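*Asks:* Supplied in structure tokens, the structure appears directly below.
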Amino acid sequence: MDFDLIVRGGTLPDGGIADIGISGETIAAIEPKLEGSARTEVDARGNLVSPPFVDPHFHMDATLSYGIPRINASGTLLEGIALWGELKPLLTHEAVRDRALAYCDWAVSMGLLAIRTHVDVCDDRLLAVEALLEVKKAVAPYIDLQLVAFPQDGFYRSPTARQNTIRALDMGVDIVGGIPHFERTMADGRRSVTELCEIAAKRGLMVDLHCDETDDPLSRHIEQLAYETQRLGLQGRVAGSHLTSMHSMDNYYVSKLLPLIAEAGVSAIPNPLINIMLQGRHDTFPKRRGMTRVKEMQALGIRVGWGQDCVLDPWYSLGTADMLDVAFMGLHVAQMSSPADMARCFDMVTNVNAAIMGLDHLGLAVGKRASLVILDAGNPIEALRLRAERICVIARGKVVAERTRQDTRLSISGRPSQVNRRHKSG
């Protein structure tokens, strides 16, 4: 046998058609026609073959807990935080672990093979940290799971958050997180950005802060984050998540801010499903929707990815672990309607998100890890339009999820017997 697995005749995101030969856990060949043989062959003819989907912003400690102990009646971010405070004392190691593992099953079925999850460290038990470290080990054969030490109640505002953040990092959590806009004062928020970045620099870690997740245009902690990134030499290792205050900022200030973010190499992670659901709750009309300035950042070369954020938890009552849903909503809210912009939205939930997370081993190229997805679509834009079914998911060279194509049978005189909503223009 020349390969362990061959994916035959799939359409690549750039429109080319190729066979992909896999040896062990690695992509060994991508050619128009591989002459070799393999122990297993997957027929991808007529379907899109993609890198795996990647989610750079999630809360796995809270996922699938919707309704416990109650539902977020107002739908606001602050009530969600308060509700999470009610839920935390009720958490058990087993419940957090089991819900997270169930979510990872959903993720695999949707071709989502890399996730960065923030884990709250403001519970002195660090129960969720221990549970998710266990989950990380369990899912390692098929999901890259990164953990962020996240002081949900404020690095300074919560009395033990600082020491718990350090404890979590000592336990093996990967990334330094924070929430500067939730501190008692703007000054405390700025100080928290400085200290958290210094902790990351000292330990050689990445930084991912919930930054300015508010409608307040004067919440400008992203400016401090860009400054500390340059001061400490953290370029390429820092992300600002949400950045919703930028939706409401003065245009002149933003014209100065965006070049600073670009110069510092800070990535941005908006979360369109949750941002437009939670923001603008104090508005009547016109009503702000909290989406940061995606296209403007991209025009300056700032790396921008789409995040899922929440599924069935105190902040969001929906979700299916489908990053195409996330990109589809982001496309609409950011008005990314040109063919190039729509294709970019697909790239954001695959290659761009992988780059933000530092996952250089992912991608459709020889030598990369053999993790990929076959979708019931002809190209990336059609995949977004349909939120296409995942026909086959391959992780580290092994088929881990499959489903048959779901055409609909019609019983209408004079019309086709089956329909599936795929479309060839012209």
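*Asks:* What is the set of long-range amide H partners of THR26 at a cut-off below 5 Å, with H atoms built 1.01 Å from backbone N?
*Replies:* Residues meeting the criterion, in which the H sits 1.01 Å from N, are ALA370.
*Asks:* Residue farthest toward the positive end of the dipole of the chain, with Cβ of Lys/Arg at +1 and Asp/Glu at -1: which of THR40, LEU218, GLN235?
*Replies:* THR40
*Asks:* Taking θ as phi - 60°, what are the ³J(HN,Hα) couplings along region 410-425 by the Karplus curve (6.51, -1.76, 1.60), each to the nearest whole Hz, with x for Gly and Pro?
*Replies:* Using θ = phi - 60°, the values come out as 10, 10, 10, 4, x, 10, x, 7, 9, 9, 9, 6, 6, 8, 9, 6 Hz.
*Asks:* Under the classification rounded if a/c is under 1.5, otherwise prolate if a/b is larger than b/c and oblate if not, where does the chain fall, given a ≥ b ≥ c as square roots of the Cα gyration tensor eigenvalues? Intermediate values should be presented prior to the final figure.
*Replies:* Working: a/c = 1.64, a/b = 1.52, b/c = 1.08.
It is prolate, given that a/c is not under 1.5 and a/b is the larger ratio.
*Asks:* Given H placed on each backbone N at 1.01 Å, which residues far from HIS57 in sequence or on other chains put an amide H within less than 5 Å of it?
*Replies:* ARG116, GLN308, ASP309
*Asks:* While we're here: Rounded, prolate or oblate for region 302-352? Axes are the square roots of the Cα gyration tensor eigenvalues, ordered a ≥ b ≥ c, and the cut-off for rounded is a/c under 1.5. Don't skip to the answer; put the middle values down first.
*Replies:* On the way: a/c = 2.37, a/b = 1.91, b/c = 1.24.
Because a/c hits 1.5 or more and a/b exceeds b/c, region 302-352 counts as prolate.
*Asks:* Tell me the carbon and sulfur percent of the accessible area for the chain, rounded to whole percent, probe radius 1.4 Å. Intermediate values should be presented prior to the final figure.
*Replies:* Numbers: 9070 of 17460 Å².
For the chain, the apolar C and S fraction of the accessible surface comes to 52 percent.
*Asks:* Taking the Cα centre as origin and putting +1 on Lys and Arg beta-carbons and -1 on Asp and Glu beta-carbons, what dipole magnitude results for the chain, to the nearest 20 debye?
*Replies:* Working: 46 positive and 52 negative charges, 141 e Å.
Charge dipole of the chain: 680 debye, to the nearest 20.
*Asks:* In whole Å, how far is the Cα centre of region 250-277 from that of region 151-227?
*Replies:* A separation of 17 Å, based on Cα centres.
*Asks:* So how far apart, in nm, are the two label points at THR320 and ARG191 if each is 7 Å from Cα heading toward Cβ?
*Replies:* 4.8 nm
*Asks:* Oh, and also: Taking springs between alpha-carbon atoms closer than 10 angstrom, which of MET323, MET277, MET110 fluctuates most in the Gaussian network model of the chain?
*Replies:* MET277
*Asks:* Going from most exposed to least, what order do TRP106, TRP306 have by accessible area with a 1.4 Å probe?
*Replies:* The ranking, largest first, comes out as TRP106, TRP306.
*Asks:* Please compute the length gained on full extension between GLN163 and ARG409, using 0.36 nm multiplied by the number of residues separating them and subtracting their Cα-Cα distance.
*Replies:* On the way: separation 246, 0.36 × 246 = 88.56 nm, distance 5.98 nm.
Length gained, GLN163 through ARG409: 82.6 nm.
*Asks:* As a test of reading the structure, rank TYR227, TYR142, TYR103 by solvent-accessible area (1.4 Å probe, protein chains only), most first.
*Replies:* Numbers: TYR227 130, TYR142 65, TYR103 0 Å².
Putting TYR227, TYR142, TYR103 in descending order of accessible area: TYR227, TYR142, TYR103.
*Asks:* Under the classification rounded if a/c is under 1.5, otherwise prolate if a/b is larger than b/c and oblate if not, where does region 303-400 fall, given a ≥ b ≥ c as square roots of the Cα gyration tensor eigenvalues? Spell out each step's value before the answer.
*Replies:* Working: a/c = 1.43, a/b = 1.28, b/c = 1.12.
Rounded.
*Asks:* Another question, if that's okay. With a 1.4 Å probe and all protein chains left in place, how much accessible area per residue does the chain have, in Å²?
*Replies:* Numbers: 17460 Å² over 426 residues.
That works out to 41 Å² for each residue.
*Asks:* I would also like to ask the following. ³J(HN,Hα) across region 366-378 via Karplus (A = 6.51, B = -1.76, C = 1.60, θ = phi - 60°), whole Hz, x for Gly/Pro?
*Replies:* Whole-Hz 3J(HN,Hα) from phi for region 366-378: 4, x, 7, 4, 7, 10, 7, 10, 10, 10, 7, 7, x.
*Asks:* While we're on this one: For the chain, calculate the relative contact order in percent as a whole number, restricting contacts to Cα pairs under 8 Å that are 6 or more residues apart.
*Replies:* Details: 963 pairs, mean separation 79.2, N = 426.
Worked out over the chain, it gives 19 percent.
*Asks:* Just in region 161-207: which trypsin sites (Lys or Arg not before Pro) are loop by DSSP and have at most 12 other Cβ atoms within 10 Å? The partial results should precede the final answer.
*Replies:* Numbers: sites: ARG162, ARG167, ARG184, ARG190, ARG191, LYS202, ARG203; in loops: ARG184.
Answer by residue number: ARG184.
*Asks:* Can you give me the distance in nm between label points at GLN418 and ARG39, each placed 7 Å from the Cα along the Cα-to-Cβ direction?
*Replies:* If labels sit at GLN418 and ARG39, their model points lie 3.1 nm apart.
The values are calculated or read from the model by the stated rules, or taken from the named source; none is laboratory data. Fair warning: this is a prediction, and the values are worked out from it, not measured in the lab. Quick reminder, even Gly has a Cβ in these numbers, built from the backbone with ideal geometry, and neighbours come from all protein chains shown. Ligands, DNA and RNA are stripped out before the accessible areas are found, and what is left, the full protein with its side chains, is counted by its heavy atoms. Shrake-Rupley method; radii C 1.70, N 1.55, O 1.52, S 1.80 Å.
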